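Engineer: Here's a structure for you.
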Ligand SMILES: Cc1cc2nc3c(=O)[nH]c(=O)nc-3n(C[C@H](O)[C@H](O)[C@H](O)COP(=O)(O)OP(=O)(O)OC[C@H]3O[C@@H](n4cnc5c(N)ncnc54)[C@H](O)[C@@H]3O)c2cc1C
């Protein structure tokens, strides 16, 4: 079965574009070139790998089917959480005490690493670390929130439990039962960031090509041969950084993930007096519902928020109505809002909600499975691939290597995931109704 992930090859119009910097306009590959490392995919993962490998002295070629950042890297919500999707005890249970702790530490440092790259390479991408807010919509979620705050505050981390009143002040709404703020997290303009990483990689000596889809990957003597419409790359090592947009380049890789289409909206700039009341500290936020949707306010006063539409199939306009009506219940001060932008991108989901690094064959590595968390994490995993290319053993990866595992129910993923999303939406709706009834009378 083929889950259709092909999209319009032109870059999406998002709330990031006006401050996203200039497109790179790189020439497609022509002719035959030799290099140490060929990287397939010019998103944050591929560009981070290219930058770090080139800085280590490797001859690097990046091949991107569309434009730099065309995939999830320019379409995401731009939140920088300092963690993987799993709580620390789950990470330790999965990878063991030593490797698990290494991953927890690396994920915690990931927003810092992004900040260092931004500073070192002068990337103008609205990087900011005012913290990140996660709100609780049920009593169970609130208990979980308390547990998380307890875990991190015992370790001296800058986290804070927010009761309903305090959460109301920080969010600009007393909708939720409470929340926590993790001051290690932040936000970014991901389009400007990925373009900046690409420019830094070029400065470090890497060669990047746009509009260059790799159609075939095969062994050619001691080298890997990558065939594109107008050229060939012969490389010692290959990194597949194609994530949700993984195609049939390597047999079976696509079947290790399910690409799910996720939607974002950008409002018209809010009136200044309203804008000042919503997330006044500049933090991005999410909540504890199963179907996540982030909210952030841009420097031009636009509100960016997630919404839902068909998870599969070709691009079709989602209805903004449900997303807007939820926002209006959350922030009654908004009044009428209109959207200037909507866009979508694919997230690579899998059974264990985790990124994976696979060594598919000697010298051939793949990183994929973001599950919606990959602005900071793709940066550090890309750096890991580069470290390996520059001599570090793969056993040292901060994310331990794993064998590729085909999703057992892949042939029926589409109906199954569609049904699961409907079920989650129903559970969320029931809980949200309960939450809205518990709201203080003054806010109604
Ligand atoms: C709507 C949305 C919201 C998100 N929000 C957040 C968030 O707030 N915070 C967060 O941390 N993460 C978020 N994510 C996840 C994050 O965007 C991704 O994890 C990250 O961008 C992955 O980067 P990447 O480089 O691995 O993949 P991508 O950026 O998807 O790049 C893959 C590239 O591979 C190219 N490609 C594929 N096949 C080929 C081929 N055969 N030849 C050449 N090129 C090829 C594609 O054209 C594509 O550009 C979100 C994702 C989505 C979709």
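Engineer: Could you give the nm distance between label points at residue 328 and residue 119, where each point is 7 Å from its Cα heading toward the beta carbon?
Structural biologist: 4.5 nm
Engineer: Now, a different point. Hey, what angle do you get for helix 321-330 against the long axis of the chain, alpha-carbon based, 0 to 90 degrees rounded to 10?
Structural biologist: 50 degrees
Engineer: Find, to one decimal place in angstroms, the Kirkwood hydrodynamic radius of region 68-140, where the mean of 1/r is taken over every pair of different Cα atoms and then inverted.
Structural biologist: After inverting the pairwise mean of 1/r, the radius is 14.6 Å.
Engineer: Then there's this: Taking the C-alpha atoms of the chain, how large are the radius of gyration and the largest Cα-Cα span, Dmax, in Å?
Structural biologist: Answer for the chain, Rg first and Dmax second: 21.5, 73 Å.
Engineer: Specify the residue with the greatest mean-square fluctuation among 318, 229, 403, computed from a Gaussian network of the chain linking alpha-carbon atoms under 10 Å apart.
Structural biologist: Sorting by GNM fluctuation, first place goes to 403.
Engineer: Under the rule a/c < 1.5 gives rounded, and otherwise a/b versus b/c splits prolate from oblate, where does region 293-343 land using the Cα gyration tensor?
Structural biologist: Prolate shape, in that a/c is at least 1.5 and a/b is the bigger ratio.
Engineer: By count of other Cβ within 10 Å, fewest leading, how are 139, 105, 174 ordered?
Structural biologist: 105, 139, 174
Engineer: Still on this structure: Which residue fluctuates the most in the chain, going by a Gaussian network model with Cα springs under 10 Å, if the choices are 175, 245, 151?
Structural biologist: 151
Engineer: In whole Å and largest first, what semi-axes does the C-alpha gyration tensor of region 142-224 yield when each eigenvalue is scaled by 5 and square-rooted?
Structural biologist: Here the semi-axes work out to 46, 18, 14 Å.
Engineer: Roughly how tilted is helix 190-203, in degrees to the nearest 10 and between 0 and 90, from the longest Cα axis of the chain?
Structural biologist: Approximately 30 degrees, to the nearest 10.
Engineer: Can I ask one more? Using square roots of five times the C-alpha gyration tensor eigenvalues, list the equivalent-ellipsoid semi-axes of region 332-374 in whole Å, biggest first.
Structural biologist: That gives 38, 12, 7 Å for the three semi-axes.
Engineer: Treat each spin label as a single point 7 Å out from the Cα along the C-beta direction, and report the residue 230 to residue 406 distance in nm.
Structural biologist: Using points 7 Å along Cα→Cβ, the separation is 3.7 nm.
Engineer: Further question on the same structure: Pull up the DSSP beta bridges for the chain and report the antiparallel fraction as a percent, rounded to 5.
Structural biologist: In the chain, DSSP labels about 65 percent of beta bridges as antiparallel.
Engineer: Relative to the compact globular guide of 2.2 N^0.38 Å, what is the alpha carbon radius of gyration of region 113-260, as a ratio?
Structural biologist: Relative to the 2.2 N^0.38 Å estimate, region 113-260 comes out at 1.52.
Engineer: Between region 410-428 and region 327-359, what is the separation of their alpha carbon centroids in Å?
Structural biologist: Here the answer is 17 Å between Cα centres.
Engineer: Can you tell me the orientation of helix 97-120 relative to the chain, as the angle in degrees between its alpha-carbon axis and the longest Cα principal axis, to the nearest 10?
Structural biologist: It is inclined by approximately 90 degrees.
Engineer: Quick one: grab the alpha carbon gyration tensor of region 385-444, order the square roots of its eigenvalues as a ≥ b ≥ c, and give me rounded if a/c is under 1.5, else prolate or oblate depending on whether a/b is larger than b/c.
Structural biologist: Oblate, because a/c is 1.5 or more while a/b does not exceed b/c.
Engineer: Post the alpha-carbon centroid distance, region 164-221 to region 1-60, in whole angstrom.
Structural biologist: 14 Å
Engineer: Okay, moving on. Quick one: Debye curve from the C-alpha atoms of region 1-100, no solvent, what's log10 I(q)/I(0) at q = 0.15, 0.20, 0.22, 0.23 Å⁻¹?
Structural biologist: -0.88, -1.12, -1.17, -1.20
Engineer: Using C-alpha positions alone, give me the convex hull volume of region 344-444 per residue in cubic angstrom.
Structural biologist: 163 Å³
Read-outs throughout are calculated quantities, based only on the coordinates presented, and are distinct from any laboratory measurement. Bear in mind the structure is a predicted one, so any value in this text is a computation, not a measurement. Glycine gets a Cβ as well: all are built from the backbone with ideal geometry, and neighbour counts include every protein chain shown.
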